[in-house]
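Please treat every number below as a calculation from the coordinates, not as lab data. Computed from a predicted structure; not experimentally measured. Neighbour counts are summed over all protein chains in view; Cβ atoms, including those assigned to glycine, are modelled from backbone coordinates with ideal geometry.
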Amino acid sequence: MPVEIDIEHVAKLARIELTDDERAMLRDQLGIILDHAAKVGEVAADDVPPAASAIPRSNVFRDDVPEPSLSQEAALANAPEHVDGRFRVPKIADTGP
């Protein structure tokens, strides 16, 4: 199925300058690419449901189950400084006057 391609327009959109030989070569190559793309559209796939992935997937996340975590004392045990049960860090932003 021959396809008419406006190579000048495509080159302008791509912001490239083409010689006459490059235009002729690209016209042929783009025609072949579009023919192959059209063949992909002809695949009889009415019985195949649309899918986001070719491989069936299930939820890959684990269940969110609460578990015991560090106590406040254990979390602060290796902190260089802590005050009133919180990490003490250097000031990094000026809050204004």
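Here are a few things to note about the model shown:
- The helices (runs of 4 or more DSSP H) located wholly in the chain that include 1 or more residues which are in contact with a Pro (Cβ under 8 Å, 6 or more places away or on another chain) and free of Cβ contacts under 8 Å to residues at least 40 places away in the same chain occupy 20-41.
- Of all the listed residues (Asp47, Asp20, Asp28, Asp35), the sole one being over 17 Å from Ile5 (Cβ atoms) and of a type in the set (Asp, Glu) is Asp47.
- Exclusive hit being in contact with a helix residue (DSSP H, G or I) (Cβ under 6 Å, 6 or more places away or on another chain) and not basic (Lys, Arg), set His82, His36: His82
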